[in-house]
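These notes are about the structure you will find just below.
The values are calculated or read from the model by the stated rules, or taken from the named source; none is laboratory data. All figures in this text were calculated on a predicted structure; none of them were measured in a lab. Reconstructed Cβ throughout: ideal geometry from the backbone, glycine too, with neighbour counts over all protein chains shown.
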Ligand SMILES: [Cu+2]
C-alpha cells in the first residue's frame, strides 16, 4: 500500500553545498569571513565595525551601526586588484557620488563615522566592481544619537 519512495536526493554537488554555505555565511549573523564587529572597550567608546572590502559573490548584507559608531573599510589585494570607497546617493551602482572615502589603491584602510542617523551607501567605482563584484553596501545608522 505504501508508495515506494526513494530517499530524497540531497542538494548534491560539492559546489552547490559550498554555495549554500557561502550564502549562509554572508546572510547570517555569523559572517565571520566578511565582517568583524568589535567594540572599542576603553571607557565604553563608540562601536567600530570593520568590513573586509572586496568582491562579494552574493553581495553585502546591509549593515547596522549605532549612531556615533564607525565603519572601517580594509582591503589588501593579493593580485594588485585595486579598490576604492565612494559614498553614493542611493543603493545603486549608477547613483551620483557624494564623496570619496578612499582613493583607488591595491590596499586600503579607511574609517567613516556616523554622527547622524540615516542610511548611507558605498560602492567601489573601479569598473565592474560594483555591478559585477557587488561591492555595494548599505549602512543603517539608528537613533538615538548622542
Ligand atoms: Cu573594487
So, residue 81, is that one farther than 18 Å from residue 50 by Cβ and either surrounded by 12 or more Cβ atoms within 10 Å (Cβ to Cβ) or at pLDDT below 95 (or both) or not? yes
Failed item in (1) at pLDDT below 95; (2) in contact with a helix residue (DSSP H, G or I) (Cβ under 6 Å, 6 or more places away or on another chain), with residue 46 passing the rest: (2)
Turns out the strands (runs of 3 or more DSSP E) fully within segment 36-146 with at least 3 residues that are more than 12 Å from the ligand (Cβ to nearest atom) are 47-52, 63-66, 70-76, 97-105, 107-113, 118-123, 136-142
For residue 31, state whether it is away from the ligand (no atom under 16 Å from the Cβ), within 14 Å of the chain's Cα centre (by Cα) and at pLDDT 95 or above. no
